[in-house]
1. For segment 236-275, give me each residue that is assigned to a helix (DSSP H, G or I), polar (S, T, N, Q) and either in contact (Cβ under 8 Å) with a residue 24 or more places away in the chain or over 30 Å from V356 (Cα atoms) (or both).
2. Can you report the number of residues in segment 202-223 which are touching a residue at least 60 places away in the same chain (Cβ under 8 Å) and in contact with a strand residue (DSSP E or B) (Cβ under 7 Å, 6 or more places away or on another chain)?
3. Being of a type in the set (S, T, Y) and either closer than 18 Å to I114 by Cα or more than 34 Å from the chain's Cα centre (by Cα) (or both) is the filter here; which residues of segment 1-50 pass it?
4. Which of the residues that make up segment 163-190 are farther than 30 Å from F137 by Cα and either assigned to a loop (DSSP other than H, G, I, E, B) or hydrophobic (A, V, I, L, M, F, W, C) (or both)?
5. Filter segment 81-123 down to residues that are in contact (Cβ under 8 Å) with a residue 40 or more places away in the chain and not in a helix (DSSP H, G or I) and give me whichever is farthest from L244 (Cα to Cα).
6. Among the numbered conditions (1) in contact with an Asp or Glu (Cβ under 9 Å, 6 or more places away or on another chain); (2) part of a helix (DSSP H, G or I); (3) crowded, with 18+ Cβ neighbours inside 10 Å, tell me where E73 comes up short.
7. Quick check on my filter: what residues within segment 191-235 are acidic (D, E), over 15 Å from E40 (Cβ atoms) and in a helix (DSSP H, G or I)?
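The values are calculated or read from the model by the stated rules, or taken from the named source; none is laboratory data. Predicted model, so just to flag it, every value in this text is computed and none were measured. Cβ: placed from backbone, ideal geometry, glycine included. Neighbour counts: every protein chain shown.
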Amino acid sequence: MKQTYENPLIKRYASREMANIFSPDEKFKTWRELWIALAEAQKELGLNITDEQIQQMKDNKDNIDYKLAEEKEKEFRHDVMAHVHTFGIQCPKAKPIIHLGATSAYVGDNTDIILMKRALYLINKKLVNLINKVSEFANKYKDLPTLGFTHYQPAQLTTVGKRATLWLQDLLIDYNDLQYILNNMKLRGVKGTTGTQASYLKLFDNNHEKVKKLDELVAEKMGFDSTYPVTGQTYTRKMDYRALSVLSSIAQTLHKVTNDIRLLQNLKEIEEPFGKKQIGSSAMAYKRNPMRSERIASLARFIIATTMNTAMTASTQWFERTLDDSANRRLTIPQTFLACDAILEIGINVFNGLVVYENVIKKHINEELPFMATENILMEAVKRGGDRQEIHEEIRKLSMEAAKEVKVNGGKNDLIDRIILSDKIPLTKKEIMDLLDPVNFIGRAPKQVEEFIEQNIKPILSKYEDKLNIEVELKV
C-alpha cells in the first residue's frame, strides 16, 4: 500500500543528481561542515579550541542521527538547536564549542547559498548540453526552407535551422544570466543575530580585525571568495529571487520552444521522439502526442509561477528578519530547482531525437509559395517591359480567384497555373517556375545560422568540451 503523498518532482521528473543536492544528508552535512569551518577559524584566530575537538567533529560529520535529531526538534521546536545537541552528543569533547557565537542563520542561510550554488552549476552543465544539441540541430537544417509564421499565419520563408537559432539565442541569454549569478554569489558569512557581529566581537575582546578575518576565513574554507558586506539576521532574500529568476527565464525559453514544436507537430513537419511501445491515447490508437514537450510546458509554468514566491518573500520581510520566509523557502527553492533540472533533461531528450519531415515541409511551402512569389513575378514582368499597374491588378485578380478555389472549393492553389495562362504577364512558364525556387525566398538565413553559431555558440561550447553529450534517461 502507498498511503503517503510522494512528490512527483522526485518520483517522476528530476534527476537523482539534483534530488541529492537538496537531500537531508547534503543539508545537514553542510551544517556540520560550517560548524567545523567556524571552529577551525576561531582556533586559528586564538580562541581556546583544540585539535582534538575539531577532529571529533570531522570524524562524525557524516554520522547523522536523524532519529535523535527528530526527538530533539519535538522537544525544542527548533531545528538548528536540535541538530546542535545531536552533534554535541556525538562529539562530547566538541560540544562546548559547537555553534559558538553563531545564530541559526549561520548554518541555515549559508547552507542554502552553498546548495543553491551547487544546484546552479548542475543547471549550467545541462543548459550547456541543451545549447549544444539545439546548435547541432540548427546547423543541420540551416539550408532547409520552411514557412515562416507571423500571427500563426503563413509569412515569408525562413529555414528550419534559422528558426532554431531563435530558440538558441534565448538559451544563450539564459546562459549569460546564469554566469552573472554564479560569478556574484556570496556567502552570508559570520554575522550574528542581527548582522552586527556583536557576539563575535565579544569573543575576540573587541578586536574588529579578528572578527573581519573570521568572516573571511569561513568563506574561504567553504569555497567562496567573499561574503555579503552587510546582512540582517539573514542574507537579503533578493538573492533567492535573482537565482530563481534565472530558472524562470530558462523555463520561459523552453516553454516557447515547446510551443513551437507542438504546433509544428500538429502540422506534421516536426515530431518529437516517440517510443516503439509508447501509447498516445487510451482510446485513439493512432495518436502520436508531443507528451515530452507538453511536460516541459507544464513544469515550466510551475517554475515561472513558483519564482514569484521569492519576489513576495523578499518584499515582505521585516527589518532584520521575520520567519514567514522559512516554510515558503523550504518548498520554493528546492522544487524550482528540481523542476528546472527536469525540463532541461527532457529538452536534451527531445533534441536528441527530433524528427524533421522534409517532404511535408516542402508540400506546405508549395501551397503558399505562389502567393509569396507574386512580388518577384511582378518585378520580373516589369523588367520585361510590362506595365506595373496593369500587371499588379492582373495578379491581384488571379490571386483572389485562386484563394477562392482553395478556401471555398477546397481545391489546390492553382495561382501559378493562372499566371502562366495569362496573356497580360510577359513571362514564360520556365521563367515563372524559376522564380518559385524556395531558396530565392530565404534571404541570409543559412549564413545567419553559420555566423550566429560561430560567433556566439562555439566559444561557449569550447569551454565545456569534456562535459558535453551527457546521457539523460526519462523516468516515465
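1. S245, S248, S249, Q252, T253, T258, N259, Q265 - these are the residues of segment 236-275 that are assigned to a helix (DSSP H, G or I), polar (S, T, N, Q) and either in contact (Cβ under 8 Å) with a residue 24 or more places away in the chain or over 30 Å from V356 (Cα atoms) (or both).
2. 1
3. S23, T30, T50
4. Scanning segment 163-190 gives M185, K186, L187, R188, G189, V190.
5. K93
6. (3)
7. E209
So that you can scan it fast, the table gives a plain yes or no per residue for (1) at pLDDT 95 or above; (2) among the hydroxyl-bearing types (S, T, Y); (3) more than 22 Å from L9 (Cβ to Cβ); (4) under 26 Å from the mean Cα position of the chain (by Cα):
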position: T231; (1), (2), (3), (4): yes, yes, yes, no
position: S249; (1), (2), (3), (4): yes, yes, no, yes
position: Q252; (1), (2), (3), (4): yes, no, no, yes
position: Q265; (1), (2), (3), (4): yes, no, yes, yes
position: K287; (1), (2), (3), (4): no, no, yes, no
